[in-house]
Amino acid sequence: MDTILKGLNDKQREAVTAPDGPLLILAGAGSGKTMTLTRRIAYLIKRGEAPTSIVAVTFTNKAADEMRERITQLLGDGVQMPVMGTFHSVCVRFLRRDIHHLGRDRSFTILDNTDQISVIKRIFKDLNIDAKQFAPAAVRAAISRAKNALLTADQFAAHAGSFFEEVVAQIYKEYEKVLAQTNALDFDDLIVFVVRLFEEHPDVLARYHHQFKHILVDEYQDTNHMQYRLITLLAQKHKNLFIIGDDYQSIYMFREADITNILNFEKDYPHAKIITLEQNYRSTQIILDAATAVIHKNENQRHKVLWTENGSGEAITLYAAPSERGEARYVAQMIRKARQDEWHYRDMVVLYRVNAQSRVIEEALMRENIPYRIVGGTKFYERKEIKDIVAYLRVILNGADRVALERIINVPPRGIGAKTFAAWQTFALMHDTDMLSAGLLLQKDGVMDGVSAARKKAIAAFCEMIAKMRDTAQTKTLAQLIADVYITTGYKEMLSRGEDKSENESRHENIGELINIAKEYDGDALTALATFLEQTSLAADTDTIDRDDDAVHLMTLHSAKGLEFPIVFIVGLEEGLLPHARSQLSVKELEEERRLMYVGMTRAMKKLYITHAHQRLVFGSMQANMPSRFLADIPKELYHEDHTHVHDSMYTHHAHKTREQTALNAFADGTAVAHPQFGTGLIVAQDENTYTIAFAGAGIKKIAKSFDGLEQK
């Protein structure tokens, strides 16, 4: 037990050794949250709790893996692990055991966002819905919101309050039918189905209550409604609920995260014990004081005051650039200076509110020959060639997986187009079987209306190929099966024939990496395949960052959560950008923007730079932006302004337009104007160079008088 409690501060020790019952740990940024959670699990096991009676839920696979490693270090290699993983992976585990109670097969496949969009696009065609009028991604998001609210398709239809929602209701019903027919679940279903399972089958819930006596949840501030409902049901009997999180870092409202889950914990559990971790081990006191000054302007929060023994540290640097190019060049110069001061490139990160801001930063870094990596690009399992090979594997495992089948039926080309595929689908329904079995029937019963003999032969040959690979899979490893798929399907030959040799070589290497990953799975291919597909479909970590690669990291503020860097740059501190324009009319959204700023600031360990630009090119027009209100929240004694001159030809060009050019756009206060991006607005004020305009849809904006896209209404 001494090993488990060693090195803990008083509050951490209190949390780790707390008696059973509902417990909320408010863990400030850098306060040792993961260590406290891990030590609590080790403490429970050491005091005699069976590891199988403990379930710990995280938000990333990386966090779960880190916890396993730490528990092994604390308790030794032979220790049995509790059930640990993300919400989705834990729910998959439950469903593989019990989904049959809901009338579904245990061998279900899991659709990612791309697969869902494919299904929705197919439904658009079936229902003659115009994809230009209703974006498939928007429909997918609406269905996801409905599932988060635990609304079935019929319930959603009953509450549809607009034409868009009525259309979504139609699509939602068909979408659910497709998923049922193909034995598939989407990410939301993984949690929704477990909630349904627990609510509709009390005997099943009772069995899990008997097994799990201790429930631990990481990052509770990020839970949404269905996750909250799941945890509530699991903890219903014993109420041994160890919740850890930080309301200051709740930044995922766009993913339906609900901050009230953590703010209202005592309402749900009146006898809960609350422990606050305020000692920070990451940052300097100046950085913490500045971040605290920003976040304390929020109303809906649990007040915390972080402190550290790391010393006061260096003052924050504030830089006001003439334009976004000047801002980017300043950042590049400061990175170069830090490198000369013997910091590594990997010690630095540039954070921004929206991905579009990265382009000008990239240009400046390239100009200075500074290596960089953008976090949040195409993930490995989302690359086309990987999704194609994985789709073949899904079809081998589940012949009813129509989504995967449709993806690869003509990759490589086999002459099986949309009409042939539809006829094949009809043929399968007529014979009351899945499409692969129907394809094999074509060898005996060749009646398929409107399909040529050559195409029927192509379908039969494809189905026979899949059937043979499935049969031989029992004598192969998973890695051998993937290699077999790659060659037998003609995919490798297709890449070798492609015109873009460098791109195809890269795709070839990625498939080689997929085979390497598969070597980690033991047993025959079919046995390993279900686990492999499950884990690849759940591989959604945004924090798989190679810190051994000596490069500056570029990422959005949302992507930075959970990370830390010695030197942090936060760029674009301007009204309309951070805080974002969408938050201007909502107190709730503005508070989330403030939390986003707090998260960015508390990533910094040693040095923090915050920058903004006087004017910025937005959708082709030069826009003059006011400095972010968050800058005014930081006490002046905590920062110094850097007046380094950065040459910026773009700014100079715009600043020196002639008075005659500016006069062309001379509008009086009160004039109604139209802007190509922001729509119609009214000029409410102006100075020598800018107009202040109130736009109906975009709020207050400052527009340079030199911009020639402004027209009088």
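The values are calculated or read from the model by the stated rules, or taken from the named source; none is laboratory data. Only a predicted model underlies this, so the values are computations on that prediction, with no experimental measurement involved. Neighbour counts run over all protein chains shown; Cβ positions are idealised from the backbone, glycine included. Just so you know, the surface numbers come from the protein's heavy atoms only, side chains and all, with ligands and any DNA or RNA stripped out. Shrake-Rupley method; radii C 1.70, N 1.55, O 1.52, S 1.80 Å.
Taking the stated definitions as given, is Glu564 farther than 26 Å from His614 by Cβ, surrounded by fewer than 23 Cβ atoms within 10 Å (Cβ to Cβ) and out of contact with any helix residue (DSSP H, G or I) (no Cβ under 9 Å at 6 or more places or on another chain)?
Values: farther than 26 Å from His614 by Cβ: yes; surrounded by fewer than 23 Cβ atoms within 10 Å (Cβ to Cβ): yes; out of contact with any helix residue (DSSP H, G or I) (no Cβ under 9 Å at 6 or more places or on another chain): yes.
For Glu564, the condition - farther than 26 Å from His614 by Cβ, surrounded by fewer than 23 Cβ atoms within 10 Å (Cβ to Cβ) and out of contact with any helix residue (DSSP H, G or I) (no Cβ under 9 Å at 6 or more places or on another chain) - is met.
With the condition being acidic (Asp, Glu), I'd like the helices (runs of 4 or more DSSP H) fully within the range 80-149 carrying at least 1 qualifying residues. Can you show your working first?
Working: elements: 87-98, 113-127, 136-148.
Correct list: 87-98, 113-127.
Quick check on my filter: what residues within the range 110-140 are closer than 17 Å to Phe163 by Cβ and surrounded by fewer than 16 Cβ atoms within 10 Å (Cβ to Cβ)?
Leu127, Asn128, Asp130, Ala131, Lys132, Gln133, Ala135, Ala138
Any residue in the range 476-485 that is open to solvent by less than 80 Å² (accessible area, probe 1.4 Å), at pLDDT 90 or above and under 20 Å from Ile416 (Cβ atoms)?
Yes: the range 476-485 contains one or more residues that are open to solvent by less than 80 Å² (accessible area, probe 1.4 Å), at pLDDT 90 or above and under 20 Å from Ile416 (Cβ atoms).
Could you identify the single residue in Val305, Val375, Val395, Val360 that is of a type in the set (Val, Ile, Thr) and surrounded by fewer than 14 Cβ atoms within 10 Å (Cβ to Cβ)? Outline the logic, then answer.
Values: Val375 fails: surrounded by fewer than 14 Cβ atoms within 10 Å (Cβ to Cβ); Val395 fails: surrounded by fewer than 14 Cβ atoms within 10 Å (Cβ to Cβ); Val360 fails: surrounded by fewer than 14 Cβ atoms within 10 Å (Cβ to Cβ).
On inspection, the qualifying residue turns out to be Val305.
Can you name the residue in the range 308-323 that is more than 27 Å from Leu617 (Cα to Cα) and of a type in the set (Ser, Thr, Tyr) and, of all such residues, is least open to solvent (accessible area, probe 1.4 Å)? Outline the logic, then answer.
So in the range 308-323, the residues more than 27 Å from Leu617 (Cα to Cα) come out as 308-315.
Then keep just the ones that are of a type in the set (Ser, Thr, Tyr); that gives 308, 312.
Working: Thr308: 19, Ser312: 72 Å².
Looking at the filtered set, the residue picked out is Thr308.
Residue pairs, Cβ under 9 Å, 6 or more apart or interchain, first in the range 150-170 and in contact (Cβ under 8 Å) with a residue 24 or more places away in the chain, second assigned to a helix (DSSP H, G or I) and surrounded by fewer than 15 Cβ atoms within 10 Å (Cβ to Cβ). List them.
So the pair list comes out as Phe164/Ala138; Val167/Leu127; Val168/Ala138; Gln170/Leu127.
Since Ala56 meets every condition but one in (1) of a type outside the set (Asp, Glu); (2) in a helix (DSSP H, G or I); (3) in contact with a Pro (Cβ under 8 Å, 6 or more places away or on another chain), which condition does it not meet?
Here Ala56 meets the rest and fails (2).
Search the range 517-537 for residues that are among the polar types (S, T, N, Q) and pair each with any residue that is open to solvent by 10 Å² or more (accessible area, probe 1.4 Å) and assigned to a helix (DSSP H, G or I) when their beta-carbon atoms are under 7 Å apart and the residues are at least 6 apart or on different chains.
Thr536/Tyr381; Thr536/Val390
Which of the residues spanning the range 398-413 are β-branched (Val, Ile, Thr), outside any loop (DSSP other than H, G, I, E, B) and open to solvent by 10 Å² or more (accessible area, probe 1.4 Å)?
So the first thing to find is which residues in the range 398-413 are β-branched (Val, Ile, Thr), and the list is 403, 408-409, 411.
If we keep only those that are outside any loop (DSSP other than H, G, I, E, B) as well, we get 403, 408.
Listed by number, the list holds a single entry, Val403.
Among the residues of the range 262-291, write down those that are part of a helix (DSSP H, G or I), in contact with a Leu (Cβ under 8 Å, 6 or more places away or on another chain) and hydrophobic (A, V, I, L, M, F, W, C). Reasoning before the result, please.
First, pick out the residues of the range 262-291 that are part of a helix (DSSP H, G or I): 262-263, 265-268, 285-291.
Next, only the ones that are in contact with a Leu (Cβ under 8 Å, 6 or more places away or on another chain) stay: 262, 265-266, 286-291.
The answer is Ile262, Phe265, Ile286, Ile287, Leu288, Ala290, Ala291.
Among what's in the range 164-182 and is open to solvent by less than 40 Å² (accessible area, probe 1.4 Å) and of a type outside the set (Ser, Thr, Tyr), pick the residue that is nearest to Asp98 (Cα to Cα). Can you show your working first?
First, pick out the residues of the range 164-182 that are open to solvent by less than 40 Å² (accessible area, probe 1.4 Å): 167-169, 171-172, 175, 178-179, 182.
The next check asks that each one be of a type outside the set (Ser, Thr, Tyr); those that pass are 167-169, 171, 178-179.
Details: Val167: 33, Val168: 30, Ala169: 28, Ile171: 28, Val178: 21, Leu179: 18 Å.
Once the filter is applied, the top-ranked residue is Leu179.
Answer with yes or no whether Thr680 is at pLDDT below 75, open to solvent by 30 Å² or more (accessible area, probe 1.4 Å) and either hydrophobic (A, V, I, L, M, F, W, C) or out of contact with any Leu (no Cβ under 6 Å at 6 or more places or on another chain) (or both). Reasoning before the result, please.
Values: at pLDDT below 75: no; open to solvent by 30 Å² or more (accessible area, probe 1.4 Å): yes; either hydrophobic (A, V, I, L, M, F, W, C) or out of contact with any Leu (no Cβ under 6 Å at 6 or more places or on another chain) (or both): yes.
Criteria not met by Thr680.
Please state which of the following conditions Leu185 fails to meet, knowing it meets all the rest: (1) open to solvent by 70 Å² or more (accessible area, probe 1.4 Å); (2) outside any loop (DSSP other than H, G, I, E, B).
(1)
Being open to solvent by 10 Å² or more (accessible area, probe 1.4 Å) and assigned to a helix (DSSP H, G or I) is the filter; apply it to the range 206-222 and report the residue that is farthest from Gln116 (Cα to Cα).
Of everything passing the filter in the range 206-222, His210 is farthest from Gln116 (Cα to Cα).
Go through the range 683-697 and give me each residue that's out of contact with any Lys or Arg (no Cβ under 9 Å at 6 or more places or on another chain) and buried (at least 17 other Cβ atoms within 10 Å of the Cβ).
Matches in the range 683-697: Ile683 only.
Quick grid of which residues meet (1) open to solvent by 20 Å² or more (accessible area, probe 1.4 Å); (2) over 27 Å from the mean Cα position of the chain (by Cα):
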residue: Leu233; (1), (2): no, no
residue: Lys239; (1), (2): yes, yes
residue: Asp247; (1), (2): no, no
residue: Tyr252; (1), (2): yes, no
residue: Asp258; (1), (2): yes, no
residue: Leu263; (1), (2): yes, no
residue: Lys267; (1), (2): yes, yes
residue: Ser283; (1), (2): no, no
residue: Ala290; (1), (2): no, yes
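A quick yes/no check of all residues on (1) hydrophobic (A, V, I, L, M, F, W, C); (2) surrounded by 20 or more Cβ atoms within 10 Å (Cβ to Cβ); (3) in contact with a Leu (Cβ under 9 Å, 6 or more places away or on another chain):
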| position | (1), (2), (3) |
| --- | --- |
| Arg325 | no, yes, yes |
| Ala328 | yes, yes, yes |
| Val331 | yes, yes, yes |
| Met334 | yes, yes, no |
| His344 | no, no, no |
| Pro371 | no, no, yes |
| Lys387 | no, no, no |
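Pick from the range 14-31 the residues that are under 24 Å from Val305 (Cα atoms) and either touching a helix residue (DSSP H, G or I) at 6+ places or on another chain (Cβ under 6 Å) or of a type in the set (Asp, Glu) (or both): which of them is most open to solvent (accessible area, probe 1.4 Å)?
My answer is Glu14.
Is it the case that the range 604-617 has a residue that's surrounded by 15 or more Cβ atoms within 10 Å (Cβ to Cβ), out of contact with any strand residue (DSSP E or B) (no Cβ under 9 Å at 6 or more places or on another chain) and modelled with pLDDT of 95 or more?
Restricting attention to the range 604-617, the residues satisfying the condition of being surrounded by 15 or more Cβ atoms within 10 Å (Cβ to Cβ) are 604-617.
If we keep only those that are out of contact with any strand residue (DSSP E or B) (no Cβ under 9 Å at 6 or more places or on another chain) as well, we get none.
No: zero hits.
Keeping to the range 523-578, report how many residues are basic (Lys, Arg) and at pLDDT below 80.
In the first step, residues of the range 523-578 are kept if they are basic (Lys, Arg); the result is 547, 561.
Restricting the remaining residues to those that are at pLDDT below 80 gives 547.
Summing the residues that are basic (Lys, Arg) and at pLDDT below 80 in the range 523-578 gives 1.
Across the range 40-84, what is the total count of residues that are of a type in the set (Gly, Ala, Ser) and either closer than 22 Å to Ile275 by Cα or surrounded by 16 or more Cβ atoms within 10 Å (Cβ to Cβ) (or both)? Full working, then the answer.
Residues of the range 40-84 of a type in the set (Gly, Ala, Ser): 42, 48, 50, 53, 56, 63-64, 76, 78.
So of that shortlist, the ones also either closer than 22 Å to Ile275 by Cα or surrounded by 16 or more Cβ atoms within 10 Å (Cβ to Cβ) (or both) come out as 42, 53, 56, 63-64.
Residues that pass the stated criteria total 5.
So is Leu440 at pLDDT below 85, within 19 Å of Met465 (Cβ to Cβ) and outside any loop (DSSP other than H, G, I, E, B) or not? Talk me through it step by step, then tell me what you get.
Details: at pLDDT below 85: yes; within 19 Å of Met465 (Cβ to Cβ): yes; outside any loop (DSSP other than H, G, I, E, B): yes.
Yes.
When you scan the range 68-80, how many residues do you find that are touching a residue at least 24 places away in the same chain (Cβ under 8 Å) and either under 22 Å from Leu8 (Cβ atoms) or out of contact with any Pro (no Cβ under 8 Å at 6 or more places or on another chain) (or both)?
Initial filter on the range 68-80 (touching a residue at least 24 places away in the same chain (Cβ under 8 Å)): 70-71, 74-75, 79-80.
With the extra rule that they be either under 22 Å from Leu8 (Cβ atoms) or out of contact with any Pro (no Cβ under 8 Å at 6 or more places or on another chain) (or both), the set shrinks to 70-71, 74-75, 79.
Of the residues in that region, 5 qualify.
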